[in-house]
Amino acid sequence: MSMFGIITWELAKGFGVSLALFSLTLILALPLGLLLMFALKSECKILRKASETLILLIRGTPLMLQLLIVFFSPGLLFGRVIFAQNRFLAALITFGINYAGYFAVIYKGGYEGVSSGQTEAGLVLGLSRGKIFRYVLFPQIFKNILAPMSNEIITLVKDTSLVRVIAVAEIIKVAERYTSQGLIWPLFYTGIFYLLFTTLLSKFFKSLEDHLAYFETA
């Protein structure tokens, strides 16, 4: 295999790590963000304040700092190196919590953009609150949040590059190995992987927006 083929294969494996982190972060953060949104709107003052404080910390500090804190804190505080053998897990925990905070705020904005009168109408018709949320409110919330959510998800693709600071072998970390050997083009080559994937995501979200264009919120 040529040098170009070898480097392409190694970069593809590195991008596979990036995609795994991207996918698992969404699986963790999307439902966790929804729970945080309900906590933000809770009538329990303690729960509401706790969720507000967590989101303030998440949004007010850099993701890289959060990543380093999660990775190093167990060893520094308790003398136990938890993540040394599983750096990917440290990255996943950090990204999952971080993006859950951002998703919660987006969910909240989408929820508040739907008329509360629809919930009251559903209750009058005898629907449970669960069914009202699932069949009446959620489709409208989804349409409201699609644009900001798509921006955050595309940002997540690029943010996965931050995990190289804890030596997770994502695509840019792999490219840096070749850069240290005097090859600069693999570093530029990584941009093609990101550009292709973010373009696919952009087209996917645009098709969703077009599909939901008929849905008018009240």
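The values are calculated or read from the model by the stated rules, or taken from the named source; none is laboratory data. Every value quoted in this text rests on a predicted model; they were computed, and no experiment measured them. All Cβ positions, even for glycine, are placed from backbone atoms using ideal geometry, and neighbour counts span all protein chains on display.
Here are a few things to note about the model shown:
- Subset of region 1-11 (residues that are assigned to a helix (DSSP H, G or I) and either hydroxyl-bearing (Ser, Thr, Tyr) or more than 14 Å from Tyr178 (Cα to Cα) (or both)): Thr8
- Counting only helices (runs of 4 or more DSSP H) wholly contained in region 62-175, the ones carrying 3 or more residues that are under 25 Å from Glu209 (Cα atoms) and charged (D, E, K, R) occupy 138-159.
- Taking first residues from region 47-76 that are under 14 Å from Ala104 (Cβ atoms) and partners that are part of a loop (DSSP other than H, G, I, E, B) and at pLDDT below 95, the Cβ contacts under 9 Å between residues at least 6 apart in sequence or on separate chains come to Arg48/Lys41; Arg48/Ser42; Ser51/Ser42.
- Residues that are of a type outside the set (S, T, N, Q), assigned to a helix (DSSP H, G or I) and over 25 Å from the mean Cα position of the chain (by Cα) within region 177-203 comprise Arg177, Tyr178, Trp185, Pro186, listed in sequence order.
- Meets criteria (part of a helix (DSSP H, G or I) and at pLDDT 95 or above) for Leu208: no
- Qualifying residue in region 35-47 (condition: within 30 Å of Tyr189 (Cα to Cα) and either at pLDDT 90 or above or not β-branched (Val, Ile, Thr) (or both)): no
- Number of residues in region 19-33 that are touching a Phe, Trp or Tyr at 6+ places or on another chain (Cβ under 7 Å), of a type in the set (A, V, I, L, M, F, W, C) and surrounded by 17 or more Cβ atoms within 10 Å (Cβ to Cβ) equals 2.
- Selection count where residues are free of Cβ contacts under 8 Å to residues at least 40 places away in the same chain and crowded, with 17+ Cβ neighbours inside 10 Å, scope region 147-177: 1
- Identity of the residue in region 119-132, of a type outside the set (A, V, I, L, M) and surrounded by 16 or more Cβ atoms within 10 Å (Cβ to Cβ), that ends up farthest from Thr199 (Cα to Cα): Gly122
- Cross-chain or 6+ apart pairs with Cβ under 9 Å, region 109-137 first and more than 19 Å from Gly33 (Cβ to Cβ) and free of Cβ contacts under 8 Å to residues at least 60 places away in the same chain, then among the basic types (Lys, Arg) and exposed (fewer than 14 other Cβ atoms within 10 Å of the Cβ): Thr119/Arg129; Gly122/Arg129; Gly122/Lys131; Leu123/Arg129
- Comparison of Phe133, Phe205 shows that the only residue that is in contact with a helix residue (DSSP H, G or I) (Cβ under 6 Å, 6 or more places away or on another chain) and of a type in the set (Phe, Trp, Tyr) is Phe205.
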